[in-house]
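One structure is given below, encoded as structure tokens.
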Amino acid sequence: WGGKTETTTVTLTVEQATYTRDALAKALYSRLFDFLVGAVNAAMQKDKEELSIGVLDIYGFEIFNNNGFEQFCINFVNEKLQQIFIELTLKAEQDEYVREGISWTPIDFFNNKIVCDLVEEKRPPGIMCVLDDVCATLHAQTDGADMKLLEKLISAVGTHQHFGSFTGGFKILHYAGEVNYNVLGFCERNRDFILPDLLQLIQSSTNAFVVSLFPDDPNPTDKHGRKKKQETAGGKIRSQANQVVGKLMQCTPHYIRCIKPNETKKAHDWDRDRCMHQVRYLGLKENIRVRRAGFAYRREFAKFLQRYAILTKETFPQWRGEPKQGIQHLMNAVSMDSDQWQLGVSKVFVKNPESLFLLEEVRERKFDGYARKIQTTYRRWKAQQYYEELKVKAS
């Protein structure tokens, strides 16, 4: 317009002004927290990759009398971590038996991927996608948004076997059990982005540190030049949970399962029902069933033969032939029951720990026998040397 500008002043309602104030406070707190986490990670970062041990500490599912958006996000993350536990312990265990051609009766267990898909799937849309869709159509006015969300959820996933609804909320049949969520406040808590005018306000601050916390573009666009949607709180939780899952899948996990015996925080106070509930939702029963029905020990042919070659003269010091045949000879030599071990495609499987202890015991005896022979030979040689010295002195 020829260099001229026009300013329009819009009066906000009390609710809109309150929302803007709260959004500014939450944004400052969130960005400061992210800055501290980034500073700690940067201080711990090293120039080269090396082996490391990480600890992921998480309490578990939250099931309260009144569950909101926070419990929904926490339980979703727990569901994802439970899915990894299933993938890496139960499913992977049984898949290995199938892959190795081992005779095996599969153990049925609940795979909670169906629950994860209910929450995060994009096609068909899951709960988080429906929530983001409702939030995208809202402005500062939030009246009726939560009820609209509930209506859309019933329409989108109402027939899902792990979803249910009631007046004012919905319920999900998690791995840990059924949890009722109060839908009130879901939309407001999920809208975690900053409005462009509020972002411009922060970036006009005279405090350089505050400005550095908000490097965002007030009007972000994608690679096609179209306006880009800002990520919601649920979207961030979903992407971060999947990043954690990706990292964990690259690691060799070891699980320490903790049982909270009571709510009184007293010693020797054992709430049986509470403990049994935790055992069920932690997947311990299925894990024990799979382990008991499966094989306690498995090792590649070459490594197994290298460790136990000393058990027979034919295999020690070196077996001349196929490793699989050498292992067959070893097992027959120690008279191990045929139902206690199996040979797969590339590994030998030993069922019970006691059978493995038998191999170790025989191995220790062999080492002891060879050690005694070495000692005997050395002592004889030493005695002969001493006798020769005495003969020389006597003459």
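Quick rundown of the values:
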quantity: Any pair with Cβ under 6 angstrom, 6 or more apart, that starts in the stretch 152-169 at a residue that is closer than 15 Å to LEU118 by Cβ and ends at one that is assigned to a strand (DSSP E or B) and among the charged types (D, E, K, R); calculated: GLY164/LYS171
quantity: Search result, residues across the stretch 288-327 that are within 29 Å of LEU90 (Cα to Cα) and among the aliphatic types (A, V, I, L, M); calculated: ILE288, VAL290, ALA293, ALA296, ALA302, LEU305, ILE327
quantity: Filter result (at pLDDT below 90, more than 27 Å from the chain's Cα centre (by Cα) and of a type outside the set (Val, Ile, Thr)) within the stretch 135-181; calculated: CYS135, ALA136, LEU138, HIS139, ALA140, GLN141, ASP143, GLY144, ALA145
quantity: Which numbered condition ALA145 fails, given (1) open to solvent by 60 Å² or more (accessible area, probe 1.4 Å); (2) without any contact (Cβ under 8 Å) to a residue 60 or more places away in the chain; calculated: (1)
quantity: Tally, over the stretch 98-142, of residues that are open to solvent by 50 Å² or more (accessible area, probe 1.4 Å), over 27 Å from VAL179 (Cα atoms) and part of a loop (DSSP other than H, G, I, E, B); calculated: 7
quantity: Residue in the stretch 338-352 that is surrounded by 13 or more Cβ atoms within 10 Å (Cβ to Cβ), of a type in the set (A, V, I, L, M), in a helix (DSSP H, G or I) and under 39 Å from the mean Cα position of the chain (by Cα) present; calculated: no
quantity: Output for the stretch 152-194, where each listed residue is surrounded by 14 or more Cβ atoms within 10 Å (Cβ to Cβ), in contact with a helix residue (DSSP H, G or I) (Cβ under 9 Å, 6 or more places away or on another chain) and assigned to a helix (DSSP H, G or I); calculated: LYS152, LEU153, ALA156, VAL157, PHE186, CYS187, GLU188, ARG189, ASN190
quantity: Answer residue from the stretch 236-257, given it is open to solvent by less than 80 Å² (accessible area, probe 1.4 Å) and out of contact with any Leu (no Cβ under 9 Å at 6 or more places or on another chain) and is modelled with the lowest pLDDT among those; calculated: CYS251
quantity: Qualifying position, being assigned to a helix (DSSP H, G or I), modelled with pLDDT under 90 and more than 18 Å from GLY177 (Cα to Cα), among ASP57, ASP47, ASP34, ASP95; calculated: ASP95
quantity: One residue from ARG292, ARG298 being open to solvent by 90 Å² or more (accessible area, probe 1.4 Å) and either of a type in the set (D, E, K, R) or assigned to a strand (DSSP E or B) (or both); calculated: ARG292
quantity: Residues (in contact with a Leu (Cβ under 8 Å, 6 or more places away or on another chain) and open to solvent by less than 50 Å² (accessible area, probe 1.4 Å)) located in the stretch 195-235; calculated: LEU198, ILE202, VAL210, LEU213, PHE214, PRO218, THR232, GLY234
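Quick grid of which residues meet (1) open to solvent by 70 Å² or more (accessible area, probe 1.4 Å); (2) of a type outside the set (S, T, N, Q); (3) part of a helix (DSSP H, G or I):
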position: PHE304; (1), (2), (3): no, yes, yes
position: LYS313; (1), (2), (3): yes, yes, no
position: GLN318; (1), (2), (3): yes, no, no
position: MET336; (1), (2), (3): no, yes, no
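This table checks each residue for (1) of a type in the set (D, E, K, R); (2) touching a helix residue (DSSP H, G or I) at 6+ places or on another chain (Cβ under 9 Å).
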{"site": "THR13", "(1), (2)": "no, no"}
{"site": "ARG21", "(1), (2)": "yes, no"}
{"site": "ASP34", "(1), (2)": "yes, no"}
{"site": "LEU51", "(1), (2)": "no, no"}
{"site": "PHE72", "(1), (2)": "no, yes"}
{"site": "LYS91", "(1), (2)": "yes, no"}
{"site": "PRO106", "(1), (2)": "no, yes"}
{"site": "PHE109", "(1), (2)": "no, yes"}
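The values are calculated or read from the model by the stated rules, or taken from the named source; none is laboratory data. All of these numbers come straight from a predicted model, not from anything done at the bench. Backbone-built Cβ (ideal geometry, glycine too); neighbour counts: all protein chains shown. Note: accessible area is taken over every heavy atom of the protein model, side chains too, but ligands, DNA and RNA are not part of it. Shrake-Rupley method; radii C 1.70, N 1.55, O 1.52, S 1.80 Å.
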